[in-house]
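Structure record follows, encoded as C-alpha coordinates.
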Amino acid sequence: MANSVGCQVTAAFAARHPRLVSRLVMVGPALEPGTPGRRQVGRLLADAPREPLSLIPLAATDYLLTGLLRCAASFRTALRDAAESFEGNLTQVHVPTLVVRGAGDTIASAAWVRRVARTVQDGRTAEIPGAAHAAHYSAPDAMAALIEKFRLGGPS
(Lines give C-alpha, C1' and ligand atoms only; values in the text may rest on other atoms or scores of the structure.)
Protein backbone atom coordinates (compact mmCIF):
# COMPACT_ATOMS: atom_id res chain seq x y z
CA MET A 1 0.00 0.00 0.00
CA ALA A 2 1.24 3.45 -0.86
CA ASN A 3 0.01 7.02 -0.87
CA SER A 4 0.73 9.90 -3.20
CA VAL A 5 4.23 9.80 -4.73
CA GLY A 6 4.75 6.49 -2.94
CA CYS A 7 2.49 4.98 -5.60
CA GLN A 8 5.30 5.55 -8.10
CA VAL A 9 7.64 3.61 -5.82
CA THR A 10 5.26 0.65 -5.45
CA ALA A 11 4.60 0.55 -9.21
CA ALA A 12 8.34 0.46 -9.90
CA PHE A 13 8.84 -2.26 -7.28
CA ALA A 14 5.98 -4.38 -8.65
CA ALA A 15 7.29 -3.96 -12.21
CA ARG A 16 10.85 -4.98 -11.23
CA HIS A 17 9.98 -7.71 -8.71
CA PRO A 18 6.63 -9.19 -9.79
CA ARG A 19 7.09 -12.41 -7.79
CA LEU A 20 7.26 -10.40 -4.55
CA VAL A 21 3.91 -8.64 -4.99
CA SER A 22 0.48 -10.26 -4.82
CA ARG A 23 -1.74 -7.15 -4.61
CA LEU A 24 -1.30 -3.39 -4.61
CA VAL A 25 -3.29 -0.58 -3.07
CA MET A 26 -2.51 2.90 -4.36
CA VAL A 27 -4.09 5.79 -2.47
CA GLY A 28 -4.19 9.10 -4.30
CA PRO A 29 -1.46 8.51 -6.89
CA ALA A 30 0.09 11.93 -7.37
CA LEU A 31 2.06 13.65 -10.10
CA GLU A 32 0.00 12.90 -13.16
CA PRO A 33 2.30 12.72 -16.21
CA GLY A 34 1.97 15.72 -18.48
CA THR A 35 0.81 18.06 -15.72
CA PRO A 36 3.27 20.92 -15.14
CA GLY A 37 5.05 21.08 -11.78
CA ARG A 38 3.51 24.45 -10.89
CA ARG A 39 0.05 22.99 -11.35
CA GLN A 40 0.96 19.97 -9.23
CA VAL A 41 2.12 22.31 -6.42
CA GLY A 42 -1.12 24.26 -6.78
CA ARG A 43 -3.08 21.03 -6.37
CA LEU A 44 -1.14 20.27 -3.18
CA LEU A 45 -1.84 23.72 -1.76
CA ALA A 46 -5.53 23.40 -2.64
CA ASP A 47 -5.69 20.04 -0.85
CA ALA A 48 -4.17 21.21 2.46
CA PRO A 49 -7.35 22.90 3.81
CA ARG A 50 -9.36 19.76 2.98
CA GLU A 51 -7.23 17.55 5.22
CA PRO A 52 -7.77 17.08 8.96
CA LEU A 53 -6.00 19.80 10.95
CA SER A 54 -4.06 17.11 12.83
CA LEU A 55 -2.27 16.13 9.59
CA ILE A 56 -0.79 19.59 9.00
CA PRO A 57 1.80 19.49 11.84
CA LEU A 58 2.80 15.94 10.88
CA ALA A 59 3.39 16.92 7.26
CA ALA A 60 5.09 20.17 8.21
CA THR A 61 7.45 18.32 10.56
CA ASP A 62 8.35 15.86 7.81
CA TYR A 63 9.08 18.68 5.36
CA LEU A 64 11.13 20.62 7.94
CA LEU A 65 13.15 17.55 8.98
CA THR A 66 13.81 16.69 5.36
CA GLY A 67 14.80 20.24 4.50
CA LEU A 68 13.55 22.55 1.79
CA LEU A 69 16.35 21.78 -0.67
CA ARG A 70 15.97 18.02 -0.36
CA CYS A 71 12.16 18.31 -0.66
CA ALA A 72 12.55 20.38 -3.84
CA ALA A 73 15.09 17.93 -5.30
CA SER A 74 12.84 14.97 -4.46
CA PHE A 75 9.86 16.71 -6.05
CA ARG A 76 11.84 17.35 -9.25
CA THR A 77 12.96 13.70 -9.35
CA ALA A 78 9.40 12.47 -8.79
CA LEU A 79 8.10 14.78 -11.55
CA ARG A 80 10.75 13.46 -13.93
CA ASP A 81 9.86 9.89 -13.00
CA ALA A 82 6.16 10.61 -13.56
CA ALA A 83 6.94 11.96 -17.01
CA GLU A 84 9.42 9.24 -17.98
CA SER A 85 8.54 5.94 -16.35
CA PHE A 86 5.49 5.87 -14.06
CA GLU A 87 3.00 4.81 -16.72
CA GLY A 88 5.56 2.41 -18.18
CA ASN A 89 5.91 0.78 -14.77
CA LEU A 90 2.13 0.62 -14.44
CA THR A 91 1.90 -1.40 -17.65
CA GLN A 92 4.16 -3.98 -16.01
CA VAL A 93 1.94 -4.37 -12.92
CA HIS A 94 0.18 -7.72 -13.33
CA VAL A 95 -1.40 -8.12 -9.91
CA PRO A 96 -4.83 -7.00 -8.71
CA THR A 97 -4.53 -3.30 -7.94
CA LEU A 98 -6.95 -1.10 -6.05
CA VAL A 99 -6.59 2.61 -6.79
CA VAL A 100 -8.33 4.76 -4.18
CA ARG A 101 -8.94 8.47 -3.91
CA GLY A 102 -10.72 10.66 -1.44
CA ALA A 103 -13.74 12.29 -3.06
CA GLY A 104 -12.27 15.71 -2.21
CA ASP A 105 -8.73 14.97 -3.44
CA THR A 106 -7.43 17.89 -5.51
CA ILE A 107 -4.15 16.11 -6.29
CA ALA A 108 -5.27 12.75 -7.71
CA SER A 109 -8.19 13.54 -9.99
CA ALA A 110 -10.93 10.99 -10.63
CA ALA A 111 -9.84 10.84 -14.28
CA TRP A 112 -6.21 10.14 -13.34
CA VAL A 113 -7.21 7.44 -10.84
CA ARG A 114 -9.31 5.73 -13.52
CA ARG A 115 -6.39 5.97 -15.95
CA VAL A 116 -4.04 4.35 -13.44
CA ALA A 117 -6.54 1.52 -12.86
CA ARG A 118 -6.95 1.00 -16.63
CA THR A 119 -3.18 0.95 -17.18
CA VAL A 120 -2.42 -1.90 -14.77
CA GLN A 121 -3.50 -5.37 -15.86
CA ASP A 122 -6.16 -5.90 -13.17
CA GLY A 123 -7.12 -2.51 -11.77
CA ARG A 124 -10.17 -1.24 -10.00
CA THR A 125 -11.04 2.05 -8.36
CA ALA A 126 -12.76 3.22 -5.20
CA GLU A 127 -13.57 6.62 -3.77
CA ILE A 128 -13.96 7.53 -0.12
CA PRO A 129 -16.58 10.21 0.54
CA GLY A 130 -15.53 13.02 2.84
CA ALA A 131 -11.80 12.37 2.43
CA ALA A 132 -9.15 14.29 0.53
CA HIS A 133 -5.66 13.22 -0.61
CA ALA A 134 -4.64 11.51 2.63
CA ALA A 135 -7.76 9.33 2.70
CA HIS A 136 -5.92 6.68 4.70
CA TYR A 137 -5.33 9.27 7.43
CA SER A 138 -8.69 11.01 7.48
CA ALA A 139 -10.87 7.93 6.93
CA PRO A 140 -8.87 4.96 8.27
CA ASP A 141 -11.90 2.78 8.99
CA ALA A 142 -13.32 3.26 5.49
CA MET A 143 -9.87 2.60 4.00
CA ALA A 144 -9.41 -0.53 6.11
CA ALA A 145 -12.80 -1.84 5.01
CA LEU A 146 -11.92 -1.28 1.33
CA ILE A 147 -8.58 -3.01 1.74
CA GLU A 148 -10.08 -5.95 3.61
CA LYS A 149 -12.75 -6.48 0.93
CA PHE A 150 -10.03 -6.18 -1.76
CA ARG A 151 -7.72 -8.57 0.13
CA LEU A 152 -10.48 -11.15 0.27
CA GLY A 153 -10.97 -10.86 -3.48
CA GLY A 154 -14.31 -9.11 -3.48
CA PRO A 155 -15.21 -6.13 -5.62
CA SER A 156 -14.01 -2.81 -4.29
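The values are calculated or read from the model by the stated rules, or taken from the named source; none is laboratory data. It should be emphasised that the depicted structure is a prediction, and the values quoted were computed from it without experimental measurement. Ideal geometry is used to build each Cβ from the backbone, glycine not excepted, and the neighbour counts take in all protein chains shown.
Yes or no, residue by residue, for (1) more than 25 Å from Pro140 (Cα to Cα); (2) surrounded by 15 or more Cβ atoms within 10 Å (Cβ to Cβ); (3) basic (Lys, Arg):
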| residue | (1), (2), (3) |
| --- | --- |
| Asn3 | no, yes, no |
| Gln8 | no, yes, no |
| His17 | yes, no, no |
| Pro29 | no, yes, no |
| Asp47 | no, yes, no |
| Arg50 | no, yes, yes |
| Leu69 | yes, no, no |
| Ala78 | yes, yes, no |
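Which pairs do you get when a residue that is in contact (Cβ under 8 Å) with a residue 40 or more places away in the chain, found in the stretch 86-99, comes within reach of a residue that is of a type in the set (Phe, Trp, Tyr), reach meaning Cβ atoms under 8 angstrom, with the pair 6+ apart or on two chains?
Pro96/Phe150; Leu98/Phe150
For Ala126, indicate whether it is within 13 Å of Met26 (Cα to Cα), at pLDDT below 95 and buried (at least 18 other Cβ atoms within 10 Å of the Cβ).
no
Grab the helices (runs of 4 or more DSSP H) fully contained in the stretch 54-136, keeping just those with 2 or more residues being more than 19 Å from Val9 (Cα to Cα).
Details: elements: 55-66, 68-81, 87-91, 110-119.
Where helices (runs of 4 or more DSSP H) fall fully within the stretch 54-136 and carry at least 2 residues being more than 19 Å from Val9 (Cα to Cα), they are 55-66, 68-81, 110-119.
In the stretch 17-41, which residues are among the hydrophobic types (A, V, I, L, M, F, W, C), in a helix (DSSP H, G or I) and at pLDDT 90 or above?
If the condition is that a residue be among the hydrophobic types (A, V, I, L, M, F, W, C), in a helix (DSSP H, G or I) and at pLDDT 90 or above, then Leu20 is the only one that fits.
Just need a number here: residues in the stretch 117-145 that are under 23 Å from Ala59 (Cβ atoms) and either touching a residue at least 60 places away in the same chain (Cβ under 8 Å) or aliphatic (A, V, I, L, M) (or both).
Total meeting the criteria: 13.
Name the single residue that is nearest to Val95 (Cα to Cα) among those in the stretch 10-41 being β-branched (Val, Ile, Thr) and under 10 Å from the mean Cα position of the chain (by Cα).
Here the answer is Val25.
Looking at (1) surrounded by 15 or more Cβ atoms within 10 Å (Cβ to Cβ); (2) under 16 Å from the mean Cα position of the chain (by Cα); (3) at pLDDT 95 or above, find the lone condition where Ala142 falls short.
Answer for Ala142: the failing condition is (2).
Is it the case that some residue within the stretch 42-51 is charged (D, E, K, R), in a loop (DSSP other than H, G, I, E, B) and in contact with a Lys or Arg (Cβ under 9 Å, 6 or more places away or on another chain)?
Scanning the stretch 42-51, I find no residue that is charged (D, E, K, R), in a loop (DSSP other than H, G, I, E, B) and in contact with a Lys or Arg (Cβ under 9 Å, 6 or more places away or on another chain), so the answer is no.
Under 9 Å by Cβ, and 6 or more places apart or on different chains, what pairs join a residue from the stretch 40-51 that is over 13 Å from Gly130 (Cα atoms) and aliphatic (A, V, I, L, M) with one that is at pLDDT below 90 and part of a helix (DSSP H, G or I)?
Going by the 9 Å Cβ cut-off, the qualifying pairs are Val41/Phe75; Ala48/Ile56; Ala48/Ala59.
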